[in-house]
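Okay, structure first, notes after.
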Amino acid sequence: MEQVDSVIIISDTEGDNEEETSVFIVEDSPGQTYLFVAEALDISKDKSTEVIDEECGLAITYSKKGNVMPHARYDCVEQDFTRTENEVSGPTGSNLNFCDQCYCYICDKPASECQYWNLPSFCHCNAHNKSKYWKAHRDVALTGALSIFNFDLVDIDSELRHGGALLQTFCLELALEYNNYMMGIITSRSSLIPCICSCHNQFKIFCEMCQMNHVEIQLYSYTPVFNVVNKFLHQTEKEKPKTAAIMMIGVAKEILLHKQPPQEVFNKNDQTSTPSQAVPIFMHRITSALQRMLVLNDFPPYLFNKLKTFYKSLVLPSHCFIFTNSLNVLSWEDPFLTSILRGQNITGQRQKKGRKETFWEDFPVVHARVERMEAREEYRELVRYLRVIKCNDTLKLRALRDKVPFYFCKYGDFNSAAQSFHLSTSLTCCIACRLTPYQYMVYLKILRTGTAPATCELSDSGQWVHVEGGKLLKSCILLKCSLRILFVNAVLYRDVHCWSRLIQIHCNYFSMEADVLQVPPAGFVKNTAILAASVLEDLRSGIVGLPKPFSSVLHREATLILVTMAAAQMLHKKISMMKLVLPLIVAYGKNFWALKLLFDSLSTKEEILHNFCAILSNNIYIHRSMMIDVVKCHDANYVSDLVTLFLSFEQTTVQSLSIPVLNVLVEEWHEFKTKEHLWIQSLHNFLQTKVVPAMEMVNTAQFTELRNKLNRIL
């Protein structure tokens, strides 16, 4: 720049304030910038001030040399710069020179620190932003390992840059370890196969037979390389999603290039000793992780597509062909996927280029989609997705589909939930067949109360919330659903806790109503019990209609009768396999008329009744804490009515059940003294006025002993 003798001052000052000060920055010579302060003056009053513009009344009152800011070499105002396209043989013109604030365009460092400033074949001093050659070099320098992805610079944020930096450091470490692997280790064959020949032990020589066992051989072990990669992958799992994705796919590119020397390896049975065994392990881990990342994270479209495209470009060796197209994950905005989630496509199939295409995804993708939709409470979409999706692991997919009834319950469609237990395909049985006793009891509580766990875990513990918009199942539908599940699931059918929970819910156990139903007429109980046999047979056959009594005024009593008859049928078949029946008795609460029906149904076969009473008597002693808790939950009349019920039967086997009940009551009498005075007094009166006199008429040793115990506490 040529030196100028004049300075042009342009004022942007507005207003009529004559005292206003303006600041101007002007250039006087190359590399020298001056700051001038010009003040509006009354020239007529002060003729000694240097006047710049008489018309405006401006004069310079102060000046200061400005600071030169850091700049690229080609923008320097002190040193001339000659632009060339791709000159690297040496400095052009005076490009080698630089001022204190000049930076290298490629390295982004001060020119004085650039190692390649005037190095032949590099010559960074010639670099500038108008050259495609130098811009490409700058992009590579800035992106480091990210250059393999061909990102636009505007798309590279701090997460991607961090991933690229870590990947670049890893590649250097990996290259060093891989080179060591390819060099191998020199050792003797006897280090692998111990020589058993005695010649060299006795004579310190090798005979012709064992000489080959002591020659030097070159062995290779990929294990150190495996450890380096494994350590880096552990590190990626702690990084943010974008960073981790770049690191993982970069690792895949590097390890897929690893070859296996033709010579022997240390341990062929070790999966880490050769690339052909170790690389597929890493690829499975990397691919599964990338699949989950693409589903669980809202990557911007450019990154989503870039990762898929780069993965597709990887050259897979023969031992990794299974991973071909493994990263073809559909985005959440894909038309095929969205049509399924919105319920517009219920078959999971579409026509594409004249061919039928089925909705199919790898299991890690399926699992990640389920996880994300659960977190977002998109239960409708989740049900639609699971009903049509197909994947490579049918057993794991079936486990996910088994939660479909739960998802129906989560958004209040209890009718669909009840139906979905029994839906099956040609490849698998229905969901009801695979329910565990715990799951069955949780489902009963959900369907009976219209509440559900606050989380997506099918668990009775934790917080439960009311399902908004949900309409409770009718009692008859719940009855049919619960019984049909028991009939198709052998494990549930013989589980006493499942039956006791079913009895409880039909005694209004989960509602705010009283747990005592009205005692129906004896004729109604008898006729409904007779009718129950055919109803249960129909339910086993899949016929789900219920006759008139189950829709009458006494429909709740009718359903309890049906459940009682079903439980009696189960006991007739499975009593020999059972060791616990006390929960059945407890489940009835104060509905003693239904409990009497159970005993009447068992009494049709004396052997069945005898076995049941023997197990129950044993349970009362062994599980006395359960019996005590039940007595405490009810009033004193509960014990009175239960003992009276047992004593009212003609069969002595049933009568004798009153003995263990009263024995436990007497032995644990101190437990009941904590109850209120009226409660314990009422129980005291019952024992004194009803039980003891009744026992006077029975002279058996057991009753005599019990009577003596009662007399002592009374």
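A few notes on this one:
- Note on the range 232-339: Rg/Rh from C-alpha atoms, Kirkwood Rh, equals 1.03.
- Residues Ile346, Ile281 arranged by fewest to most Cβ contacts within 10 Å: Ile346, Ile281
- Candidates per trypsin sites (Lys or Arg not before Pro) in the range 353-453, loop by DSSP, up to 13 other Cβ within 10 Å: Lys353, Arg376
- Here the label points at Ala175 and Val77, each 7 Å from Cα along the C-beta direction, are separated by 4.3 nm in the simple model.
- Cα-projected label distance for Thr394 with Thr689, points at 7 Å along beta-carbon direction, nm: 7.0
- Of Lys445/Lys579; Lys573/Lys596; Lys548/Lys596; Lys253/Lys353, pairs whose Cα-Cα distance is over 27 Å: Lys253/Lys353
- The Ser147 and Asn67 beta-carbon pair, evaluated with R₀ = 35 Å, returns a calculated FRET efficiency of approximately 0.50.
- Neighbour counting of Cβ atoms within 10 Å sorts the residues Thr559, Thr358, Thr564, fewest neighbours leading, into Thr358, Thr559, Thr564.
- Peptide packing: for 243-255, 74-86, the average count of neighbouring Cβ atoms within 10 Å per residue gives the ranking 243-255, 74-86, highest mean first.
- Note on Ile346 and Thr451: the model spin-label points, each 7 Å out from Cα along the C-beta direction, lie 3.4 nm apart.
- A simple rule links phi to the HN-Hα coupling: the Karplus curve 6.51 cos²θ - 1.76 cosθ + 1.60 with θ = phi - 60°, which for the range 229-234 gives 5, 4, 4, 5, 5, 4 Hz, with x for Gly and Pro.
- Peptide packing for 604-616, 312-324, 116-128 was compared via the average number of neighbouring C-beta atoms within 10 Å per residue; ordered from the highest value, the list is 116-128, 604-616, 312-324.
- Compared with the direct C-alpha span, the chain from Ser534 to Asn618 gains 26.9 nm at full extension, assuming 0.36 nm per residue.
- Whole-number D in µm² s⁻¹ for the range 417-501, Kirkwood Cα-pair radius fed into Stokes-Einstein, 37 °C, 0.692 mPa s: 242
- Amide H contacts for Trp464 (H built 1.01 Å from N in the peptide plane; partners 5 or more residues away or on another chain; cut-off under 5 Å): Ala454.
- One compactness figure for the range 503-607 is 1.06, namely its Cα radius of gyration divided by 2.2 N^0.38 Å.
- Taking 0.36 nm per residue of separation and subtracting the current Cα-Cα distance, fully stretching the chain between Asp460 and Asn297 would add 55.6 nm.
- Length-normalised contact order of the range 82-186 in % [C-alpha pairs under 8 Å, at least 6 apart]: 22
- Rel. contact order, % - alpha carbon contacts under 8 angstrom, at least six apart, the range 503-607: 37
- Couplings 3J(HN,Hα) of the range 411-424, computed from phi: 10, x, 8, 6, 5, 5, 4, 5, 6, 5, 4, 10, 6, 9 Hz, in residue order, whole Hz [Karplus 6.51 cos²θ - 1.76 cosθ + 1.60, θ = phi - 60°; x for Gly and Pro].
- Rg/Rh (Cα only; Kirkwood hydrodynamic radius) as it applies to the range 407-565: 0.96
- Percent of Cα pairs in the range 551-601 per distance bin of 10 Å, from zero to the largest separation: 23, 53, 20, 3.
- Descending by average beta-carbon neighbour count within 10 Å, the peptides 326-333, 289-296 line up as 289-296, 326-333, the highest first.
Throughout, read-outs are computed from the coordinates displayed, never taken from laboratory work. Here the structure is a predicted model, which is why all the values come from computation and not from measurement. In this analysis, Cβ positions are derived from the backbone assuming ideal geometry, glycine residues included, and neighbour counts consider all displayed protein chains.
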